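Student: Below: one structure in structure tokens.
The values are calculated or read from the model by the stated rules, or taken from the named source; none is laboratory data. Just so it is clear, the structure is predicted and the values come from calculations on it, not from any experiment. So basically every Cβ, Gly included, is an ideal-geometry build from the backbone, and we count neighbours across all protein chains shown.
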Amino acid sequence: MLKKIFQNKVIRIGMILSILAGGGFYGFKMLDKTTPAASGETVSVTEESVRRGDLTIAFAGDGRSRIPTVNLNFNLSGKLKELYVKEDDEIQSGQILAKLDDSEYIKKLKTAQINYDRAVLNLEQKKQNTNLSLVNEKQQLEDLKAKLDQIEMEYLPMLEMTNYYSKQELELKKMSYESAKAAYTVQQERYNVLLNSDLDLELEKANVETAKITLETAQDELNNTVLRSDVNAKVLNVAYKPGENITTPNSSGEITADTTHFLVVSDAKKIEVIVPVSELDLSNVAVGQTVEVTFEAMERQIFTGKVISIASLHKVDQNSLVTYDVKIELDSGFDQIKSGMTCSVSFILKQRKDVLIIPNKAVKMVDGKQTVKVKTQNGNIESRNIKTGLTDGKNVEITEGLNVGEVVLIENKK
């Protein structure tokens, strides 16, 4: 792969050619003879075999690898009771990593359960009491209604025959009637209020909900005394030992002077590369774009990947050059690449794989047609029309006119 590295490790448009065939690189074979030109110049002739390979148009820049890390912490403070992992261990998602002393949290859960059960019983008792009160009040209402009806049956006929009753008898019966009617009215209002009012029940229901929340919180706290992994990863650092008191990070997850992350792990199947791209070249980068990456520590190995994000915030270097960090995720190399390794990244603009390739210099235009000189197996030289495809400015794809292994001639005037 040919590439150009620019000062300050900032990407500039470049042309990169990757020609791979049979695991090796192809070179040129120089003829020993030179041919005099009509003008007195000499022409050296180079033979080049038609071969299969990859043509890539890309721009390149330098980056650095980064293995993403994940911080694993308990959600509450306490004394570390059990630790089941150590540095460099491979862990799986769902695996139990450590436990806190849970004795106090067990007590809190039992207390919360008792309070919840009591609240439920109080609610049921209140419902029963309310029902009994309704039955009692309704019975009293019916009794008063019967009494009122009886007095009314006696009093109303007396009003029709006042001449047969003394004034005192009428007055006493009237007082009895009004008293019975007033008692019935009051009892009816009392019954209706009790029937339609559920404030006491709502209060008990609220107490049950409060006790339920407290119980759930206590259960969550007890569950949180066990730390489980939520990723497949490798343990990079363990900050505590059994018996030590653990202080959790604050609510924003930041580390303060008296807190630290319990475990730091790396994602076992993820390697990222960060490349600063200049503002001028940023339009040639897109999320999902394919890239090829080579590392100085691993010559001749090409790793592929894709652009996963482009930073929204810019950076300015000491030369006032504006760049944006482009994040790439590699498809392989998890067991080879370490965090912080320097690398060269090719952002693929166009690419053709496993195509016929010859140098651009071998192609001439004759009467408006693309032509090459071909050396046949018997040593004769013939001119042949061809068709070409993608070119990177140095080599060109052959779509018609040539076959693998044929030899084309390149004339270089001196």
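Student: What's the number of the only condition in (1) closer than 29 Å to ARG300 by Cα; (2) surrounded by fewer than 18 Cβ atoms within 10 Å (Cβ to Cβ); (3) touching a residue at least 40 places away in the same chain (Cβ under 8 Å) that ILE357 fails to meet?
Tutor: The number of the failed condition is (2).
Student: So how many residues does region 281-301 have that are surrounded by 14 or more Cβ atoms within 10 Å (Cβ to Cβ), modelled with pLDDT under 90 and out of contact with any Phe, Trp or Tyr (no Cβ under 8 Å at 6 or more places or on another chain)?
Tutor: 1
Student: Taking ALA112 as the residue in question, decide whether it is in contact with a Phe, Trp or Tyr (Cβ under 7 Å, 6 or more places away or on another chain), modelled with pLDDT of 90 or more and either exposed (fewer than 13 other Cβ atoms within 10 Å of the Cβ) or hydrophobic (A, V, I, L, M, F, W, C) (or both).
Tutor: Numbers: in contact with a Phe, Trp or Tyr (Cβ under 7 Å, 6 or more places away or on another chain): no; modelled with pLDDT of 90 or more: yes; either exposed (fewer than 13 other Cβ atoms within 10 Å of the Cβ) or hydrophobic (A, V, I, L, M, F, W, C) (or both): yes.
Answer is no for this residue.
Student: I'd like the full set of residues that are of a type in the set (Gly, Ala, Ser) and at pLDDT 90 or above, limited to region 119-140.
Tutor: Within region 119-140, ALA119 is the sole residue that qualifies.
Student: Here's something else I'd like to know. Tally time: how many residues in region 315-324 are surrounded by 14 or more Cβ atoms within 10 Å (Cβ to Cβ) and of a type outside the set (A, V, I, L, M, F, W, C)?
Tutor: Residues flagged as surrounded by 14 or more Cβ atoms within 10 Å (Cβ to Cβ) and of a type outside the set (A, V, I, L, M, F, W, C) within region 315-324 amount to 2.
Student: Here is a further query. Condition first: buried (at least 17 other Cβ atoms within 10 Å of the Cβ) and of a type in the set (Val, Ile, Thr). Now tell me which residues in region 360-370 satisfy that.
Tutor: Matches in region 360-370: VAL363 only.
Student: So which pairs qualify, if the first residue must be in region 221-249 and modelled with pLDDT of 90 or more, the second must be among the hydroxyl-bearing types (Ser, Thr, Tyr), the Cβ gap must be under 8 Å, and the two must be at least 6 apart or on different chains?
Tutor: GLU221/TYR105; LEU222/TYR105; THR225/TYR105; SER229/SER93; ALA239/THR260; ASN245/SER77
Student: Among LYS327, LYS350, which is the only one that is surrounded by fewer than 16 Cβ atoms within 10 Å (Cβ to Cβ) and either assigned to a strand (DSSP E or B) or at pLDDT 90 or above (or both)?
Tutor: LYS350
Student: Considering region 77-105 alone, what residues qualify as being of a type outside the set (Asp, Glu) and exposed (fewer than 14 other Cβ atoms within 10 Å of the Cβ)?
Tutor: Selection gives SER77, TYR84, LYS86, GLN92, SER93, GLY94, ILE96, SER103.
Student: What's the total number of residues in region 376-406 that are crowded, with 16+ Cβ neighbours inside 10 Å, in contact (Cβ under 8 Å) with a residue 40 or more places away in the chain and farther than 30 Å from PHE59 by Cβ?
Tutor: Count: 1.
Student: Given the criteria at negative phi, hydroxyl-bearing (Ser, Thr, Tyr), in contact (Cβ under 8 Å) with a residue 24 or more places away in the chain and surrounded by fewer than 15 Cβ atoms within 10 Å (Cβ to Cβ), does THR130 qualify? Before the answer, list the steps.
Tutor: Values: at negative phi: yes; hydroxyl-bearing (Ser, Thr, Tyr): yes; in contact (Cβ under 8 Å) with a residue 24 or more places away in the chain: yes; surrounded by fewer than 15 Cβ atoms within 10 Å (Cβ to Cβ): no.
No: the conditions fail for THR130.
Student: I'm trying to understand the selection: among the residues of region 162-199, which are farther than 29 Å from GLU137 by Cβ and of a type in the set (Asp, Glu)?
Tutor: GLU169, GLU171
Student: Out of all the residues in region 370-389, is one or more under 30 Å from ILE308 (Cβ atoms) and under 42 Å from the mean Cα position of the chain (by Cα)?
Tutor: Initial filter on region 370-389 (under 30 Å from ILE308 (Cβ atoms)): none.
No, because not a single residue in region 370-389 is under 30 Å from ILE308 (Cβ atoms) and under 42 Å from the mean Cα position of the chain (by Cα).
Student: Identify, please: which residue in region 158-170 is part of a helix (DSSP H, G or I) and surrounded by 11 or more Cβ atoms within 10 Å (Cβ to Cβ) and is, among those, modelled with the lowest pLDDT?
Tutor: THR162
Student: Checking the condition touching a strand residue (DSSP E or B) at 6+ places or on another chain (Cβ under 9 Å) and either more than 30 Å from LYS205 (Cα to Cα) or modelled with pLDDT under 90 (or both), which residue from ASP149, ASP102, ASP143 passes? Break it down stepwise before answering.
Tutor: On the way: ASP149 fails: touching a strand residue (DSSP E or B) at 6+ places or on another chain (Cβ under 9 Å); ASP143 fails: touching a strand residue (DSSP E or B) at 6+ places or on another chain (Cβ under 9 Å).
So the residue among ASP149, ASP102, ASP143 that is touching a strand residue (DSSP E or B) at 6+ places or on another chain (Cβ under 9 Å) and either more than 30 Å from LYS205 (Cα to Cα) or modelled with pLDDT under 90 (or both) is ASP102.
Student: Right, something else. Quick check on VAL193: is it on the phi < 0 side of the Ramachandran plot and within 60 Å of the chain's Cα centre (by Cα)? Give the steps one after another, and end with the answer.
Tutor: Details: on the phi < 0 side of the Ramachandran plot: yes; within 60 Å of the chain's Cα centre (by Cα): yes.
Spelling it out, VAL193 is indeed on the phi < 0 side of the Ramachandran plot and within 60 Å of the chain's Cα centre (by Cα).
Student: Now, a different point. Going by the structure shown, is VAL396 among the hydrophobic types (A, V, I, L, M, F, W, C), modelled with pLDDT of 90 or more, farther than 13 Å from GLU47 by Cβ and part of a strand (DSSP E or B)?
Tutor: yes
Student: Looking only at region 178-198, decide whether some residue is assigned by TED's automatic domain parsing to the domain that holds LYS126 and farther than 30 Å from ASN131 by Cα.
Tutor: Looking through region 178-198, at least one residue is assigned by TED's automatic domain parsing to the domain that holds LYS126 and farther than 30 Å from ASN131 by Cα.
Student: Among the candidates ILE274, ILE213, single out the residue that is under 30 Å from LYS350 (Cα atoms) and at pLDDT 90 or above.
Tutor: On the way: ILE213 fails: under 30 Å from LYS350 (Cα atoms).
Result of the check over ILE274, ILE213: ILE274.
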